[in-house]
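Readers should treat all values here as calculations from the given coordinates under stated rules, not as data from a laboratory. Keep in mind that what you see is a predicted model, and the values were worked out from it rather than measured. With ideal geometry, Cβ positions are generated from the backbone for all residues, glycine too; neighbour counts draw on all protein chains shown.
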Amino acid sequence: MSCYSYEFYLYCSWCAIWRLRNYGGLVVKDASTIGRVSGFIGTVVGYMLLLAKQVVSFFFGSSKGSDRKTDAFAGAFKNLK
């Protein structure tokens with residue numbers, strides 16, 4: 001299980017809720033509540049990881065190279081005048 005996978009964060013959120021439930025006094029009357037809360041936390045964490053991946057892809061991926069290419073073309077056309 002990779003530390004960047006969705007399952008890892010879902011597992012961590014489940015463990016945190018389980019520890020709160022058993023040791024911290026969190027009272028849950030319906031077991032499906034734990035599933036819904038851990039699913040919600042996993043979804044939020046997964047979304048944040050997706051956004052982080054997009055930022056990294058922009059700075060180190062083709063979008064950054066495309067941005068440099070556009071600047072190079074603009075500089076080349078300025079020199080033609």
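Quick one: order L20, L50 by neighbouring beta-carbon count within 10 Å, fewest to most.
L50, L20
Quick check: residue separation of K78 and N22 times 0.36 nm, minus the Cα distance between them. What number comes out in nm? Intermediate results must be reported in sequence, preceding the final value.
Values: separation 56, 0.36 × 56 = 20.16 nm, distance 6.87 nm.
Contour length minus the Cα-Cα distance gives 13.3 nm.
If neighbour count is taken as other Cβ atoms inside 10 Å, put K29, K69 in order from fewest to most.
K29, K69
Give me the extension gain from D71 to A52: residue separation times 0.36 nm, minus the current Cα-Cα distance, reported in nm with one decimal.
4.3 nm
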